[in-house]
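Engineer: Shown below is the structure under consideration.
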Amino acid sequence: MNKDRKLIVAGNWKMNKTVAESLDLVRSLKIELSNVKEVDIVICPPFTALSEVSKAILDSNIRLGAQDMSEHNVGAYTGDIAALMLKEFSVRYVILGHSERRQYHKESDELISKKARAAHAASLKPIVCVGEMLVEREAGETERVLDRQVRGSLAGLSKEQMPETIVAYEPVWAIGTGKTATTAQAQEAHAFIRRLLASMFDETVARKVRIQYGGSVKPSNARELMSQPDVDGALVGGASLEARSFADIIKNSI
Ligand code: PEP
């Protein structure tokens, strides 16, 4: 695959894995993936496992991500985690605005953009998720929804911050459902997002931003999805919970 942008595949473990289970998975991933140089590999365990996983991947090509963070730096925000707390565990990436946070925690584009700015201020790379629901796709509103989410969630980021920002296109109807967008649907949405980035920033920025696809990515569909010109990696949920399937997605992407 000959793209200017390096592929990035991230595993979103969601609310799965104890510390012991996390370390088991990491042990296998390190063996499976030790030779991979072509792809940026990121794992996003739950907060409770970050400390131990961070130590376990020190000598590897696997980087650490978190699944969310606060827009605030410090203070009376019960249950929240700040960027600098993540940095203590050498976290490099943070998923923001996942559809499950938009849905269950009512996160708005405005909040997500505040988090994205706070992430950059701490030199964390945000993985900003966008994606339409099934009713929106069926009503022909996909581009309108993506336009609103991309503009809103990236509001206030500078041109310089954008190449260090990852956008994840995750059609909500494809998350955890076994339904994958067709490669044509994925490419169409990614190309739309890239054109939007060009109009919000400029062509050079748009060419540099990596756009991941997410939604029931598996070893069997990874190659075809990644071969699309505007698909630069994957955000993987279910299939990232097992070393074999996550490693195969990465290997099949190359
Ligand atoms: C996700 O939650 O980001 C995701 C893509 O999940 P899954 O791969 O399980 O559809």
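The values are calculated or read from the model by the stated rules, or taken from the named source; none is laboratory data. None of these values were measured; they are calculated from a predicted model. Cβ atoms come from the backbone with ideal geometry, glycine included; neighbour counts cover every protein chain shown. Heavy atoms of the whole protein, side chains included, go into the accessibility calculation; ligands, DNA and RNA do not. Shrake-Rupley method; radii C 1.70, N 1.55, O 1.52, S 1.80 Å.
Engineer: Counting other Cβ atoms within 10 Å, which trypsin sites (Lys or Arg not before Pro) in region 1-67 have at most 12 and lie in a DSSP loop?
Structural biologist: Details: sites: Lys3, Arg5, Lys6, Lys14, Lys17, Arg27, Lys30, Lys37, Lys55, Arg63; in loops: Lys3, Arg5, Lys6, Lys14, Lys17, Lys37.
Here the trypsin sites (Lys or Arg not before Pro) that fit, given the DSSP loop and packing criteria, are Lys6, Lys37.
Engineer: Now for a different question. Which entries of Lys55/Lys87; Lys6/Lys115; Lys179/Lys218; Lys125/Lys218; Lys14/Lys208; Lys6/Lys106 have Cα-Cα distances beyond 22 Å here? Please list the in-between numbers first.
Structural biologist: Values: Lys55/Lys87 13 Å; Lys6/Lys115 25 Å; Lys179/Lys218 11 Å; Lys125/Lys218 25 Å; Lys14/Lys208 28 Å; Lys6/Lys106 32 Å.
Violating the 22 Å limit, Cα to Cα: Lys6/Lys115; Lys125/Lys218; Lys14/Lys208; Lys6/Lys106.
Engineer: Further, regarding this structure: How far is the Cα center of region 107-158 from the Cα center of region 1-20, in Å?
Structural biologist: 19 Å
Engineer: Sequence gap at least 6, Cα distance under 8 Å: using those rules, report the relative contact order of region 11-79 to the nearest whole percent.
Structural biologist: Working: 75 pairs, mean separation 26.3, N = 69.
Computed over region 11-79, the figure is 38 percent.
Engineer: State the Kirkwood hydrodynamic radius of region 43-106 in Å, one decimal place, computed from all pairs of distinct Cα atoms. Mind showing how you got there, number by number?
Structural biologist: Details: mean 1/r = 0.0801 Å⁻¹.
When all Cα pairs of region 43-106 are included, the Kirkwood radius is 12.5 Å.
Engineer: Also, I was wondering about something else. What does the extension gain come out to for Lys6 and Thr177, with contour length at 0.36 nm per residue minus their alpha carbon separation? Mind dumping the intermediate values first?
Structural biologist: Details: separation 171, 0.36 × 171 = 61.56 nm, distance 2.78 nm.
The Lys6-Thr177 span can extend by a further 58.8 nm.
Engineer: Still on this structure: Hey, what did the chain get for relative contact order, percent, Cα under 8 Å, at least 6 apart?
Structural biologist: Numbers: 493 pairs, mean separation 52.8, N = 254.
Value for the chain: 21 percent.
Engineer: For region 29-89 and region 162-191, write down the distance between their C-alpha centroids in whole Å.
Structural biologist: Going from one Cα centre to the other spans 23 Å.
Engineer: So what is Rg over Rh here for region 61-207, counting just Cα atoms and using Kirkwood for Rh? Intermediate results must be reported in sequence, preceding the final value.
Structural biologist: On the way: Rg = 15.4 Å, Rh = 15.9 Å.
We get a ratio of 0.97 for region 61-207.
Engineer: Provide the per residue accessible area, probe 1.4 Å, for the chain, rounded to a whole number of square angstrom. Walk me through the numbers on the way to the answer.
Structural biologist: On the way: 11430 Å² over 254 residues.
The answer is 45 Å² per residue.
Engineer: To continue, here is another question. In the neighborhood of Gly156, defined by Cβ-to-Cβ distances under 9 Å, what is the net charge if each Lys or Arg adds +1 and each Asp or Glu adds -1?
Structural biologist: On the way: positive: Lys114, Arg117; negative: none.
Taking every Cβ under 9 Å from that of Gly156, the sum is +2.
Engineer: Compactness ratio of the chain: Cα Rg over 2.2 N^0.38 Å, N = residue count? Walk me through the intermediate numbers first.
Structural biologist: Details: Rg = 16.8 Å, N = 254, 2.2 N^0.38 = 18.0 Å.
It is 0.93.
Engineer: Let me know the shape class of region 127-180, please: from the alpha-carbon gyration tensor, a ≥ b ≥ c as square roots of the eigenvalues, rounded when a/c is under 1.5, otherwise prolate if a/b is greater than b/c, or oblate.
Structural biologist: Numbers: a/c = 3.93, a/b = 1.73, b/c = 2.27.
It is oblate, given that a/c is not under 1.5 and a/b is not larger than b/c.
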